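Remarks on the structure that follows.
Laboratory data are not the source of any read-out in this text; all were calculated from the coordinates shown. From a predicted model like this one, the values you see are computed outputs, not experimental measurements. Here the Cβ is made from the backbone with ideal geometry for all residues, glycine too, and neighbour counts use every protein chain on show.
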Amino acid sequence: MPYHRTRGCGAGDRRGRRDRGQVAIEYLGFLPVLLVVAMAAVQLGLIAYTAQQAGTAARAGARSASLEEAYGYACTAAVSDWLADGTDCGAAEGGDAVSVTATVDIPSIVPGWDFGPARKTATMPMDH
C-alpha cells in the first residue's frame, strides 16, 4: 500500500513539525561547541601574530643598536599600535655584536586567561 502524505492534522504533518523543532534544539546544543572552536582558532592566530611581531621588534631594535642608535624606540615602533603598550626590549652587547630581546604580551580573548609573553631575540654585528 503506497504512502500518501495528507495535508491538515494527519500524523505525517505533526511528525514533520516535531522534526524541525528537534533540529533547532540540536543546533542550539552544538552552538557552544562551535563558539569554543572559533575562539580557540582566533586565540591561536593572536599567539602566532604576537610572536611574529616580537621577532620584527627584536630585529628592528638590533639593527638600531648595531648602528649605536636608540634601540628602544625602534623596537617599540616596529610593533603594531595595539601591541606596543605591552612591549619591552632589552639589549646585551658582546664585543662585535649586539643582541636585542623583544618581549610582547600576548592578548587574550578569554577574560582571566594569561598566555604570557612572546619573546624573540635578534643579533646584529656592530657597525664600527
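Return, for the Cα atoms of region 14-128, the radius of gyration and Dmax in Å, separated by a comma.
Rg, Dmax (Cα atoms, Å): 22.8, 86.
Nothing charged except the Cβ atoms of Lys and Arg (+1) and of Asp and Glu (-1): what's the magnitude of the dipole of region 11-125 about its Cα centre? Round to the nearest 20 debye. The partial results should precede the final answer.
Details: 9 positive and 12 negative charges, 201 e Å.
Charge dipole of region 11-125: 960 debye, to the nearest 20.
Can you put 28, 46 in order of Cβ neighbours within 10 angstrom, beginning with the fewest?
On the way: 28 9, 46 16.
Taking fewest neighbouring Cβ atoms as first place, the list is 28, 46.
Using θ = phi - 60° and the Karplus form 6.51 cos²θ - 1.76 cosθ + 1.60, what ³J(HN,Hα) does each residue of region 30-47 get, whole Hz, x for Gly and Pro?
8, 4, x, 5, 4, 5, 5, 5, 5, 5, 5, 5, 5, 5, 4, x, 5, 5
With a point put 7 Å past each Cα toward its Cβ, work out how far residue 68 is from residue 84 in nm, to one decimal.
Label-label distance for residue 68 and residue 84, simple model: 2.8 nm.
Could you calculate the contour length gain from residue 26 to residue 41, that is, 0.36 nm times the residue separation minus the distance between their Cα atoms, to one decimal place in nm?
Details: separation 15, 0.36 × 15 = 5.40 nm, distance 2.31 nm.
Once the chain is fully extended between residue 26 and residue 41, it gains 3.1 nm.
How about region 33-128: which chymotrypsin sites (Phe, Trp or Tyr not before Pro) there lie in a loop by DSSP and see at most 16 other Cβ atoms within 10 Å? Don't skip to the answer; put the middle values down first.
On the way: sites: 49, 71, 73, 82, 113, 115; in loops: 113, 115.
In loop regions of region 33-128 (DSSP not H, G, I, E or B), the sparsely surrounded chymotrypsin sites (Phe, Trp or Tyr not before Pro) are 113, 115.
Can you give the net charge of the other residues whose Cβ lies under 15 Å from the Cβ of residue 67, counting K and R as +1 and D and E as -1? Mind showing how you got there, number by number?
Values: positive: 59, 63; negative: 68, 69, 93, 96, 127.
Every neighbour counted, the sum reads -3.
Any chance you could run the full-extension gain for residue 115 through residue 97? It's 0.36 nm times the residue separation minus the Cα-Cα distance, nm to one decimal. Please report the intermediate quantities before stating the final value.
Values: separation 18, 0.36 × 18 = 6.48 nm, distance 3.14 nm.
Result: 3.3 nm gained on full extension.
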